[in-house]
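The values are calculated or read from the model by the stated rules, or taken from the named source; none is laboratory data. Since the model is a prediction, treat every value here as computed from it, not as a measurement. Accessible surface is based on the protein model in full, side chains and every heavy atom, while ligands, DNA and RNA are left aside. Shrake-Rupley method; radii C 1.70, N 1.55, O 1.52, S 1.80 Å.
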Amino acid sequence: LDDRAEIIESLPGMGPILGAEFVAVVGDLSGYRDAGRLASHAGLAPVPRDSGRRTGNNHRPKRYNRRLRWLFYMSAQSSMMRPGPSRDYYLKKRAEGLLNTQALLTLARRRVDVLWAMLRDKRLFTSTPPVPQTA
């Protein structure tokens, strides 16, 4: 049994199956410098397709781990069905005019950041964000 299992499964939408799959795909987080690298590996970080004077032209990357993307998509989908911060974020994105799939992918990207912070700080999920500690 992995010591990270309790932390991963405390995130709403990440059950034992998705948690085990996450550990199997990602392994040790030391291979990723930050949450952005993990999101990039999952295909949730847009990559630029700029040419000449055209800038800000982003698209989905061609090379990413499909299993990891599916995992975060499924966890986002199941977490947005129940009341809580994930559902609030999803509804906010829908109100901004995003389609269902787009809103789910933005939620999945946000959940990468949350899961990364939880594993980094070794703390369980709470619906209220933790207060930053000053050293």
_So with the 1.4 Å probe, I'd like the accessible area per residue for region 7-135, rounded to whole Å²._
64 Å²
*For region 75-135, diffusion coefficient by Stokes-Einstein and Kirkwood Rh (Cα), 37 °C, 0.692 mPa s, µm²/s*: 263 µm²/s
*Carbon + sulfur, % of accessible area of the chain - ligands and nucleic acids excluded, 1.4 Å*: 52 percent
_From the P(r) of region 1-118, could you give the percentage of C-alpha pairs in the tail past 22 Å?_
35 percent
_Please report the spacing between the Cα centers of region 23-72 and region 83-115 in Å, no decimals._
17 Å
